[in-house]
Amino acid sequence: MNSEIWMALAALVLAVLICAGAISAVRSRQRKRAGFIDDMEGHEFEYFCAELLKDSGFKEVEVTKGSGDYGIDILAEKEGVTYAIQCKCYADPVGVKAVQEAYAGRDYYDRMVGAVLTNQYFTAPAVDAAKKLKILLWDRGYLEDMMEER
């Protein structure tokens with residue numbers, strides 16, 4: 001190969017490395033920026049999520065009262081579909097109990113869809129239960145995507 005081809009390849013590799021570094025830096029900044037949600041207490045997180053849902057096109061978004069809510073924190077509607085949403089602001093992965101609460105609360109509030117929205121991720125048993133019970137799991141990635149769309 002002649003030197004022109006080597007120089008072109010080197011320039012291409014450098015451009016790819018620069019782009020990869022820029023993408024990594026942006027993702028890192030987004031993760032740090034989203035880190036404030038980890039410091040929220042339960043009700044603060046619920047109201048934050050309600051605002052995110054409104055910004056994402058959900059309507060009739062309502063935070064339920066704190067006690068006796070049957071595990072549901074937010075009721076909402078989008079494009080004719082009604083939702084019962086359980087919010088979990090945890091330091092660790094979310095387990096099966098949250099999925100069970102969303103399942104029970106969906107029926108209690110007579111909603112079409114049950115979901116769990118969290119600042120974390122879900123355990124494998126929670127994912128399995130959600131599939132079986134037809135509960136949506138909205139994890140940290142989903143939450144960060146909603147925050148980016150704001």
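The values are calculated or read from the model by the stated rules, or taken from the named source; none is laboratory data. Just so it is clear, the model here is predicted, and its values are computed rather than measured. Because the Cβ atoms are built from the backbone with ideal geometry, glycine has one as well, and the counts that use them run over all protein chains shown. Please note that ligands, DNA and RNA were not included when accessible areas were found on the heavy atoms of the full protein model with its side chains. Shrake-Rupley method; radii C 1.70, N 1.55, O 1.52, S 1.80 Å.
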- Highest mean first, what order results for 105-111, 71-77 on Cβ atoms within 10 Å? 71-77, 105-111
- Item | Under 5 Å, built H, 5+ apart or other chain: amide partners of THR82 | MET112, VAL113
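Under a 1.4 angstrom probe, counting protein chains only, how are CYS49, CYS89 ranked by accessible area, largest first?
Per-residue accessible area, sorted high to low, gives CYS89, CYS49.
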- Any lysines with Cα under 19 Å of the LYS59 Cα? List them, leaving off those in the same chain fewer than 8 positions away. LYS78
- Amide H of PHE122: which non-local residues (sequence gap of 5 or more, or other chain) have their own amide H closer than 5 Å, using H built in the peptide plane? VAL94
